[in-house]
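Beneath this line is the structure, given in structure tokens, with notes to follow.
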Amino acid sequence: MSAPSQASFKISMLLNDTRYRGYTFQFTSLLLLFVTFSYLGSNLIRNLEEAGLNISYAFLGEPAGYDINQRLIDYTSQSTHMRATIVGVLNTLLVAFLACLSATILGVVVGVLRLSKNWLISKLMAVYVEAFRNVPVLIWIIIVFTIMTAVLPSPRAFRGEDPSASMIFDAIAFTNRGVYIPAPVFGAGSLIIIFIFLTSILAIFWYRRYATKLLYGTGKLLPVFWPSMAILFVPSFVVFFALGQPISLDYPSLTGFNFSGGWTVRGSLIALWFALAIYTGAFIAENVRAGILAISVGQTEAAASLGLRPNRVMNLVILPQALRVIIPPLISQFLNITKNSSLAIAVGYMDITGTLGGITLNQTGRAIEAILLLMLFYLLISLSISAIMNVYNKTVSLKER
Amino acid sequence: MAAKKSNVAFVRETQLPELPPPSIETGLIKWMRVNLFGGISGTFLTLVSLFAIYYILSGVLPWIFNGIWDTSNVRECKKALEGASGGCFSVLRERWYQLLFGITYPPDQYWRPSIAFVLLFLALMPVLFAQIPRVLLIFSGLYPFIAFWLIWGGTIVAPLVALAGFFVAYFVYQNLVNQSFAVGAVAGLFAAIMTWWVGSFVIRFATEMNVIALEAVASRDMGGFMLNMILGVICVFLSLPLGILLALGRQSSMPIIKWICVIFIEFIRGVPLITLLFVANVVLAYFLPPGTTFDLILRVIIMITFFAAAYIAEVIRGGLAALPRGQYEAADSVGLDYAQSMRLIILPQALKISIPGIVNVAVGLFKDTTLVSVIAMFDIVGMIRGPILASTDWSGVYWELWLFAALLFFVICYGISQYSQWLERQLATDRR
């Protein structure tokens, strides 16, 4: 068989010969794509010219002129749109982090309880999962927001001789203007305590590694849980009292018509956080349940026949295998939480969709620029989370010979 | 023998009847011992959940049973309740049509979407259940045109022309497919476009003459739960073929095609739906020729379809990847070309594996249709937040309305997921 010479090439082979058809096809689609994009681009240029606009990100440097009530960094209405965007980014990350954490805890607890031998509790958890999975998260967000703003008492209800509402432990106040919680105040010497606390955490890791090494080397089993707790808390507490309690709490208190002091957590943040957590928690519960069910009963029995105690069976045999099944969908649920946090705009929480995609867009009229930036932000988060997931999948995938 | 026998004091010659097990090991008591009061923690959990159930029911049941159904505003309702706990369900009665159809759909035409809704189930039946005679699939095929005519109104010629385009395309395709799939498909597409182009003149003429016309309703007049249903149904059905194409493209050996599909899928999956709706709302107009007006509902349908298609593509890609390599090779070895092997061998199997995932995407998509309320469209969430709760008659009646909306979505989404589980059991051919 000799390779076909160039001379035998006919035009019709571009369509009929499988060797060349792929190139024809790709070239055509590239051409179509190019034509479509240039058509859209030329429309864009004409439309912008007609409206007297241009594509420019200069608006990010101009003063924003609006207030943001829930923020992690300093911001005033005189700050730039750029600053407002960063506040929004931090708010997105804050609510996503809180919701991921609580959804995971909720999901794991519910997923395990759904497999409980207790009939009532497993049915109850099934009802929770089905009820929350099958109703749009937007409706849940609005329902929780309604509770936060319309059902909770106003700060006025906390006043007077016989108030109709009272603070929990004299420290936390649930009002329709937000939840007031104590804030830590760091006095002189608090850095030392934080440093010691962090060192204790490192010490725990060292201790556990030492215990494992001792177990493998000599077969001697050291207790781990209680010593870890002791290492974690005792040194920090001793220094805390020795230095005369440099870290204290600033409690919110009622002054005039509103609370002051402490931290204010707005109802919108709580609504978004709580609704995302219970909604996604239902999905995570299903993932956890599926992950545990995916491990065959034989694994439990084999571990038990080796003489492992039930909690060691769970920790050493079942969980490491179940996690391989649970973690990938769990991470995509985290991704969903981050993307769903953009629904903040429905309850007025100032995340990046609320600042950059909401007020900044409306004030400056820079729709294309703002939405492009917004999409890039979410894309960046999604792609980095997928990258982390790929690395994780590589490390836990079964090492087959 | 006799002497030997006498040595034994007593021999039972018949077997004793079985005794019933002890009463604590049978029936309800045993079941409760195992399932409700197994161990200290089990008992504790049971008591806690019993308390939780009691707490919730004691709050909710009186609220439901004391509910008021026949007042015309919230003040009368509060008066009728006399301070007792109870729901003002009269808001559902009074605003029933607004919740279902929105504000601006002409009230004397409500029968049209209602019929379309009922027919939807008739059309879905033969698709969902294989036991129903296959002839009825013809009706399912006609349903989109009937539903369009019923909901949007106008002359019946418009949906007929659209239908004719599909028929012409099919005939051309059938006649030319023997040459090659590509020739058949391209010629069919061309024939359909020609038919629609010619048909557009006929439609213009028929609209002026009002040939068998229903009152035309503009897209912006759609609202309420009807809008959620329209968006959900249309986008699911449009995104399926697009998703299949994207999945095949992503598996393709042609690098340019593959990368176009990968970028499209990853981009769409990486951004929240709400940003795509913003694009539909404010950005898309910049990319169209100046002066074109383009229905908001149509722009939203395009964006939601893209969104769902990217997710469906990933699900189907999983199905394609799960097929054993031998299936692809077998299809090649019997001499099928790419289109034939996909149509006859690969896709039927891959789609079967992907059904649960596709249904999940469909349920998620249907729930996501509520997001259009953020861009000022009055779907059921937009109706409740906007016109109903803002009116002085019904301000403050949150629970009744939100729980009603939640119930509507729950019924449909739960129904779909139950159907998918049933179908999975039906299709589990490898386990039988």
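Screening the range A:353-374 for residues that are of a type in the set (Val, Ile, Thr) and within 10 Å of chain B (Cβ to nearest Cβ) and picking the one that is most open to solvent (accessible area, probe 1.4 Å) gives A:Ile368. For the range B:236-252, the count of residues that are at negative phi, modelled with pLDDT of 90 or more, open to solvent by 50 Å² or more (accessible area, probe 1.4 Å) and within 12 Å of chain A (Cβ to nearest Cβ) is at least one.
Reported count of residues in the range B:173-184, each being open to solvent by 40 Å² or more (accessible area, probe 1.4 Å) and either small (Gly, Ala, Ser) or modelled with pLDDT of 85 or more (or both), is 2. Against the test of being open to solvent by less than 20 Å² (accessible area, probe 1.4 Å) and touching a helix residue (DSSP H, G or I) at 6+ places or on another chain (Cβ under 7 Å), the options A:Ile68, A:Ile73 yield a single qualifying residue, A:Ile68.
Restricting the range B:361-418 to residues that are open to solvent by 10 Å² or more (accessible area, probe 1.4 Å) and among the hydroxyl-bearing types (Ser, Thr, Tyr), which is nearest to B:Val236 (Cα to Cα)? That would be B:Ser417.
Could you say which residue among A:Ala183, A:Ala188 is of a type outside the set (Ser, Thr, Tyr) and touching a strand residue (DSSP E or B) at 6+ places or on another chain (Cβ under 6 Å)?
The unique qualifying residue is A:Ala183.
Scanning the range B:199-232 for residues that are farther than 16 Å from B:Met377 by Cβ and aliphatic (A, V, I, L, M) returns B:Val202, B:Ile203, B:Ala206, B:Met209, B:Val211, B:Ile212, B:Ala213, B:Leu214, B:Ala216. In the set (1) open to solvent by 40 Å² or more (accessible area, probe 1.4 Å); (2) within 13 Å of chain A (Cβ to nearest Cβ); (3) out of contact with any helix residue (DSSP H, G or I) (no Cβ under 6 Å at 6 or more places or on another chain), the condition left unmet by B:Ala321 is number (2). Quick check on the range B:275-285. Is at least one of its residues more than 14 Å from chain A (Cβ to nearest Cβ) and touching a residue at least 12 places away in the same chain (Cβ under 8 Å)? There is no residue in the range B:275-285 that is more than 14 Å from chain A (Cβ to nearest Cβ) and touching a residue at least 12 places away in the same chain (Cβ under 8 Å). Taking the range A:18-42 as the range and being open to solvent by 70 Å² or more (accessible area, probe 1.4 Å) and within 7 Å of chain B (Cβ to nearest Cβ) as the test, the residues that pass are A:Phe25, A:Leu30. In this entry, A:Val224 is excluded by the filter for residues that are farther than 30 Å from B:Tyr398 by Cβ and open to solvent by 50 Å² or more (accessible area, probe 1.4 Å). Of everything listed in (1) within 21 Å of the chain's Cα centre (by Cα); (2) away from chain A (no Cβ under 11 Å); (3) modelled with pLDDT of 90 or more, the single unmet condition for B:Val262 is (1). The set of residues from the range B:366-384 being within 7 Å of chain A (Cβ to nearest Cβ) and without any contact (Cβ under 8 Å) to a residue 60 or more places away in the chain comprises B:Lys367, B:Val381. Among the helices (runs of 4 or more DSSP H) confined to the range B:100-184, the ones with at least 3 residues that are under 24 Å from B:Trp196 (Cβ atoms) are located at B:137-152, B:157-176. Among the residues of the range A:300-315, those identified as over 18 Å from A:Val108 (Cα atoms) and either open to solvent by 70 Å² or more (accessible area, probe 1.4 Å) or not in a helix (DSSP H, G or I) (or both) are A:Glu301, A:Ser305, A:Leu306, A:Gly307, A:Leu308, A:Arg309, A:Pro310, A:Arg312. In the range B:196-203 there is no residue that is surrounded by 13 or more Cβ atoms within 10 Å (Cβ to Cβ), out of contact with any strand residue (DSSP E or B) (no Cβ under 8 Å at 6 or more places or on another chain) and more than 29 Å from B:Ile151 (Cβ to Cβ).
Which count do you get for residues in the range B:125-144 that are closer than 25 Å to B:Leu189 by Cβ and either of a type in the set (Val, Ile, Thr) or open to solvent by less than 40 Å² (accessible area, probe 1.4 Å) (or both)? Show your work before the answer.
Going residue by residue through the range B:125-144, those that are closer than 25 Å to B:Leu189 by Cβ are B:127, B:137-138, B:140-144.
From the residues that got through so far, the ones that are either of a type in the set (Val, Ile, Thr) or open to solvent by less than 40 Å² (accessible area, probe 1.4 Å) (or both) too are B:127, B:138, B:140, B:143.
The total comes to 4.
Scanning the range A:77-101 for residues that are of a type in the set (Val, Ile, Thr) and either out of contact with any Leu (no Cβ under 8 Å at 6 or more places or on another chain) or more than 14 Å from chain B (Cβ to nearest Cβ) (or both) gives A:Thr80, A:Thr85, A:Ile86, A:Val87, A:Val89, A:Thr92. Checking B:Met226 against (1) in contact with a Phe, Trp or Tyr (Cβ under 9 Å, 6 or more places away or on another chain); (2) within 11 Å of another protein chain (Cβ to nearest Cβ): exactly one of these is not met. Which one? Every condition holds for B:Met226 apart from (2).
Taken over the range B:212-235, the criterion of being among the β-branched types (Val, Ile, Thr) and surrounded by fewer than 16 Cβ atoms within 10 Å (Cβ to Cβ) is satisfied by B:Ile212 alone.
The one condition from (1) assigned to a loop (DSSP other than H, G, I, E, B); (2) modelled with pLDDT of 85 or more that B:Leu347 does not meet is (1). Looking at the structure I just gave you, is B:Leu214 at pLDDT 90 or above and of a type outside the set (Phe, Trp, Tyr)? Taking the combined requirement at face value, the residue does not satisfy it. Right, A:Ser268: out of contact with any helix residue (DSSP H, G or I) (no Cβ under 6 Å at 6 or more places or on another chain) and either surrounded by fewer than 16 Cβ atoms within 10 Å (Cβ to Cβ) or in contact (Cβ under 8 Å) with a residue 24 or more places away in the chain (or both) or not? Against the criterion (out of contact with any helix residue (DSSP H, G or I) (no Cβ under 6 Å at 6 or more places or on another chain) and either surrounded by fewer than 16 Cβ atoms within 10 Å (Cβ to Cβ) or in contact (Cβ under 8 Å) with a residue 24 or more places away in the chain (or both)), A:Ser268 qualifies.
Residues of the range B:186-220 being assigned to a helix (DSSP H, G or I) and in contact (Cβ under 8 Å) with a residue 60 or more places away in the chain, which ones?
The answer is B:Ser219, B:Arg220.
Restricting attention to the range B:287-302, the residues that are open to solvent by less than 50 Å² (accessible area, probe 1.4 Å) and within 12 Å of chain A (Cβ to nearest Cβ) total 3. Can you list residue pairs whose Cβ atoms sit under 7 Å apart, with the first residue in the range A:315-329 being of a type outside the set (A, V, I, L, M) and the second being open to solvent by less than 40 Å² (accessible area, probe 1.4 Å)? Count only pairs 6 or more apart in sequence or on different chains. As it stands, the answer is A:Gln321/A:Ile295; A:Arg324/A:Val396; A:Pro329/A:Asn287, since those pairs meet every condition given.
Looking at A:Ala290, A:Ala303, just one residue is over 25 Å from A:Ile278 (Cα atoms) and either hydroxyl-bearing (Ser, Thr, Tyr) or more than 10 Å from chain B (Cβ to nearest Cβ) (or both), and that residue is A:Ala303.
Quick one: in the range A:43-64, which of the residues that are open to solvent by less than 50 Å² (accessible area, probe 1.4 Å) and more than 10 Å from every other protein chain (Cβ to nearest Cβ) is farthest from the chain's Cα centre (by Cα)? Looking at residues that are open to solvent by less than 50 Å² (accessible area, probe 1.4 Å) and more than 10 Å from every other protein chain (Cβ to nearest Cβ), I get A:Ser56.
The values are calculated or read from the model by the stated rules, or taken from the named source; none is laboratory data. All values derive from a computational prediction rather than experimental measurement. In this analysis, Cβ positions are derived from the backbone assuming ideal geometry, glycine residues included, and neighbour counts consider all displayed protein chains. Calculation scope for accessible area: heavy atoms of the full protein, side chains included, ligands and nucleic acids excluded. Shrake-Rupley method; radii C 1.70, N 1.55, O 1.52, S 1.80 Å.
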